[in-house]
Amino acid sequence: MKHGQDPRQHGLVNDFAVRSFRDIGDADYIAARMACRAALVTQFLWASQQVFEKYLKCILLLRRIPAKDVRHDLGKGLSKINGSGKLTLDLTNGTRKFIERLDEFGQYRYFEISNFAFGEDLMTLDRAVWELRRYCTLATAPQQEKLRDGFTAPRVRIEGGYLEKVIDDVKNPAREPLLWQNGFFGKRARRTVRLKLWFQAHNSPLYLNPQILDEVLKYVYLPKDVEAMYRAHPKP
């Protein structure tokens, strides 16, 4: 907190960061797990993108790093945090690549572009959430935990966290979807998880028929980058 700042306002802003970004991101995480378990590719990618967008915005706001231009750009959010001089995120290469894939595919919830996913992405999502979420607090203890090859993930608890409340409440209907084959969250460490192995890839209608672009644009909004991509795509 800066000198002279109203401590009550400071606390209220932190509460906004936690409840509007971290807690909602936690719920998006559970929704993403459910979508992946059901092999709903577009829904899984969209919900996963929302998880990391909200976690990044929580971290940025808790550290008072200006980020009004981040919007849905996960890469920009990561760059602002690591370039702030206030915090450096310790993320594995696998998690960084997963976030890059979500940046590329996850923001398109209307199937504007083609997409793909694997059943194993569930474990990749769990690991990435474990790695990034520990920074969604001003407490230092969660950030000091590390993943080690050959060892189960340490149980990291954030005081007052939504996931922690779900885990502790055996009657919470979100508990089973959160804990199902989850090697990173839960009261006990799991040495093995059993996932359904599947792969799905889907071609977007606009990818298959880019010649309909102008007609579609008469009636619906498409992001400018999507429009530009299909205008560059050769028509049949």
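The values are calculated or read from the model by the stated rules, or taken from the named source; none is laboratory data. Because the structure is a prediction, the values reported are computed rather than measured. Neighbour counts are summed over all protein chains in view; Cβ atoms, including those assigned to glycine, are modelled from backbone coordinates with ideal geometry. Accessible surface is based on the protein model in full, side chains and every heavy atom, while ligands, DNA and RNA are left aside. Shrake-Rupley method; radii C 1.70, N 1.55, O 1.52, S 1.80 Å.
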Which numbered condition in (1) farther than 28 Å from Tyr207 by Cβ; (2) touching a Phe, Trp or Tyr at 6+ places or on another chain (Cβ under 6 Å) is the only one that Lys86 fails? (2)
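Specify which of the listed residues (Ala117, Ala153) is among the small types (Gly, Ala, Ser) and either open to solvent by 20 Å² or more (accessible area, probe 1.4 Å) or assigned to a strand (DSSP E or B) (or both). Full working, then the answer.
On the way: Ala153 fails: either open to solvent by 20 Å² or more (accessible area, probe 1.4 Å) or assigned to a strand (DSSP E or B) (or both).
Residue meeting the stated conditions: Ala117.
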Check Phe185 against each of (1) in a loop (DSSP other than H, G, I, E, B); (2) over 19 Å from the mean Cα position of the chain (by Cα) and name the one condition it does not meet. (2)
Complete set of residues in the stretch 206-226 that are surrounded by 13 or more Cβ atoms within 10 Å (Cβ to Cβ) and either under 13 Å from Phe111 (Cα atoms) or modelled with pLDDT under 90 (or both): Leu206, Tyr207, Leu222, Pro223, Val226
For the stretch 122-147: of the residues being in a loop (DSSP other than H, G, I, E, B) and closer than 24 Å to Glu100 by Cβ, which is most open to solvent (accessible area, probe 1.4 Å)? Lys146
